[in-house]
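For reference, the structure discussed in these notes is given below.
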Amino acid sequence: MTDLTHEIKRRRTFAIISHPDAGKTTLTEKLLLFSGAIQIAGSVKARKASRHATSDWMEIEKQRGISVASSVMQMEYRDCVINLLDTPGHQDFSEDTYRVLTAVDAALMVVDAANGVEEQTLRLLKVCRSRNTPILTFVNKMDREVKEPLDLLDEIERTLGMSLVPMTWPVGMGKLFRGVMDVQNDRMRVFRAGADRVDDADEVVEGLHSDTLAERFGAEYDKAMEELGLLQDATPPLDRQEFLDGKQSPLFFGSAVNNFGVREVLDALVQLAPPPGARVAQEREVQPVEPKFSGVVFKVQANMDPAHRDRIAFVRVSSGEFSRGMKLKVTRSGKEIRPQTVVTFMSQRRELVEQAVAGDIIGIPNHGTLQLGDTLTEGEALNFTGLPFFAPESFRAVEIKDPLRSKQLRQGLQQLGEEGAIQVFRPHAGGSLLLGAIGQLQFEVVLHRLKSEYGVEARLENTRFQLARWITCDDDAVLQKFIETEAFRVAWDVVDAPAFMAAHHSELQLAMERAPQIRFHAMREHG
Ligand code: G4P
């Protein structure tokens, strides 16, 4: 194996998905602790602040700063290099999360044991399922009075439509939480509260069929053994291929805040989660171990320093190796760049990258050369596919107070649109620009950013449009004719893809019936 292949094979790139408050931040902190990557007391607090920041402008600013610093965390654990990608917790930014999920090879789902599967988890999980992303499941907060583990297992399997294979099983819960049985290794890890200890200090009792355990943990032990007995008959053993296909998910129980049951998850992550896989481009499938570099922009964060209009494009390295100063070509524009100050995100500090390999994430500062979905290569004309844009669910028309600033408004909206902060539509028949969002909060953030970053005071007005569908057709002439006929209901997005706009579903339905050759899409995939 060459050095490059070896480096790539030891990458594990994943994201944690969960409903807000399930324990993602806490778990992230513990994972970082294990890998020895941190010292992060401060950053966890900062993230907490950001969670409550939904209406406070200053806080939104802070949140953007924080989210870049903690967008990607790289750490070493055992023989692996782990890239953990952060996903925004608030569901109004879920579009951003969907795109982050296109850049990972596996996901860790955190479920609050008291609440079971919650809405946001379900939405995110559907994205993973549609991409066959392997998923590990961690049931958190066993130190509380929670749902019965068998009921939880049943609920998760039913709602998520995949089978779970318990790797650990809880003994008791709440005040009577005694620990977890490590089914694979036939031993029990005894619970002890406390966040600071490393888990090497945990007491581990070998052999689950043990009189000592039975005596010591009485009813909780008996119940757990009985449940395990039932499960052994009912659940198949873990099949790595089924896991890799996203059909089976290894299941773990624990308490993140107590740093308990976390190490098992991390171990499973390095053992079971796949190294970087092949990526699909329009032209061909690209293998990670190909020697030439290629990568795709899956996230853009703009104006970190408003004075310089800088942006950071987050690039997932798809193949080969990146080294500083190397010349890269943007397929869309044909432009060449030679990034010097590429950053990575070691233990939450931005650090200059000398080298990164397939599976890693690099951040390239730029002034608008790089857009969401862009493919970068050493010269080959590749276009990676699969970056999703979802049809917005609410719309506003944007007006400005000072008409002399309309150029700045257009420029600002173009850039915010390219960043994916909001979707911007330009009506075919002219008139005010339309903004489309998945979540209400996106509008507020955009108004704020227009003012602070572009000096534009904008106002949002209601519009009659409630939904949009991107339109395509095999026959260009038919599409053009449709656009002209429906001129007042067609608008163009930031990449000049046409969309049909409607006030309600019946209007859409009617248009679909009238124009059977036109295809209407609720999602646009880049490329
Ligand atoms: P999130 O990122 O998914 O939104 O969740 P986060 O980690 O911030 O955790 C949400 C809350 O749940 C926090 O409490 C956290 O302390 C608590 N928590 C996380 N893991 C566990 C666990 O294993 N057991 C218990 N009992 N609680 C857990 P908070 O009250 O919001 O904050 P704090 O005051 O505790 O810091």
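Would you work out the relative contact order for the chain, in percent, from Cα pairs under 8 angstrom that are 6 or more residues apart?
14 percent
Going highest first, how would you order 137-145, 404-412, 171-179 by mean Cβ packing within 10 Å?
My ranking of the peptides, most packed first, is 137-145, 171-179, 404-412.
Can you run phi through the Karplus equation (6.51, -1.76, 1.60; θ = phi - 60°) for region 242-256 and list ³J(HN,Hα) in whole Hz, with x for Gly and Pro?
Each residue's phi maps through the Karplus curve to give 4, 5, 5, 7, x, 9, 10, 10, x, 10, 10, 10, x, 9, 4 Hz.
Among rounded, prolate and oblate, which fits region 372-527 when a ≥ b ≥ c are the square roots of the eigenvalues of its C-alpha gyration tensor, a/c under 1.5 means rounded, and a/b larger than b/c means prolate?
Because a/c hits 1.5 or more and a/b fails to exceed b/c, region 372-527 counts as oblate.
So what is the relative contact order for region 410-527, in percent, with contacts set as C-alpha pairs under 8 Å and at least six apart?
The value is 27 percent.
Using amide H atoms built in the peptide plane, which far-off residues or other-chain residues are under 5 Å from Phe253 H to H?
Those qualifying (amide H under 5 Å, at least 5 residues apart or on another chain) are Val139, Thr168.
So if each residue of separation counts as 0.36 nm, and I subtract the Cα-Cα distance between Val280 and Asn462, what length gain in nm does that give?
This chain segment gains 61.5 nm when fully extended.
Per residue of region 162-173, in order, report the coupling 6.51 cos²θ - 1.76 cosθ + 1.60 (Karplus, θ = phi - 60°) as ³J(HN,Hα) in whole Hz, putting x for Gly and Pro.
Here the 3J(HN,Hα) series is 9, 8, 9, 10, x, 8, 10, 9, x, 10, x, 7 Hz.
So how much slack lies between Glu215 and Asp245, counting 0.36 nm per residue of separation and subtracting their Cα-Cα distance, in nm?
6.6 nm
If you find the alpha carbon centre of region 449-464 and of region 237-313, how far apart are they in angstrom?
Here the two parts' Cα centres lie 36 Å apart.
What shape does region 470-527 take by its C-alpha gyration tensor, where a ≥ b ≥ c are the square roots of the eigenvalues and a/c under 1.5 counts as rounded, a/b above b/c as prolate, and the rest as oblate?
Rounded.
Going by average Cβ density within 10 Å per residue, which order do the peptides 211-219, 382-390 take, highest to lowest?
Final packing ranking: 382-390, 211-219.
Would you mind getting me the FRET efficiency between His448 and Gln414? Use the beta-carbon distance for r and R0 = 22 Å, nearest 0.05.
0.80
For Gln509 and Glu206, what does the FRET efficiency come to when R0 = 60 Å and r is the distance between their Cβ atoms, rounded to the nearest 0.05?
In this case the efficiency is close to 0.40.
Tell me whether region 232-286 comes out rounded, prolate or oblate; compute the Cα gyration tensor, take square roots of the eigenvalues as a ≥ b ≥ c, and use a/c under 1.5 as the rounded threshold.
Oblate shape, in that a/c is at least 1.5 and b/c is the bigger or equal ratio.
Which residues' amide hydrogens lie under 5 Å from the amide hydrogen of Phe191, considering only partners 5 or more residues apart or on another chain, with H built in the peptide plane?
For Phe191, the qualifying residues are Gly179, Val180.
When you count, for each residue, the other Cβ atoms within 10 Å and take the mean per peptide, how do 17-23, 239-245 rank with the highest first?
17-23, 239-245
Rounded to the nearest 0.05, what FRET efficiency do Val190 and Arg131 give with R0 = 45 Å and r taken as the Cβ-Cβ distance? Could you check?
After rounding to 0.05, the efficiency reads 0.70.
Taking just the C-alpha trace of the chain, give me its Rg and Dmax in Å.
24.7, 82
Under 20 Å from a point placed 7 Å out from the Cα of Ala477 along the Cα-to-Cβ direction: which residues of region 492-527 have their backbone N that close?
It comes to 515-519, nothing else.
Per-residue HN-Hα couplings for region 10-21, Karplus 6.51 cos²θ - 1.76 cosθ + 1.60 at θ = phi - 60°, whole Hz, x for Gly and Pro?
Along region 10-21, the couplings run 9, 7, 10, 10, 8, 10, 9, 10, 6, 7, x, 5 Hz.
Which semi-axes, in whole Å and largest first, does the equivalent ellipsoid of region 392-456 have when worked out from the alpha carbon gyration tensor as the square roots of 5 times its eigenvalues?
17, 15, 10
Count the DSSP beta bridges whose two residues both fall in the chain, then state the antiparallel fraction as a percent rounded to the nearest 5.
Here the share of antiparallel DSSP bridges comes out near 75 percent.
Fewest Cβ neighbours within 10 Å first, please rank Met75, Met188, Met326, Met523 accordingly.
Taking fewest neighbouring Cβ atoms as first place, the list is Met523, Met326, Met75, Met188.
No lab work stands behind these numbers, since they all come straight from the coordinates. All figures in this text were calculated on a predicted structure; none of them were measured in a lab. All Cβ positions, glycine included, derive from the backbone under ideal geometry; neighbour counts span all protein chains shown.
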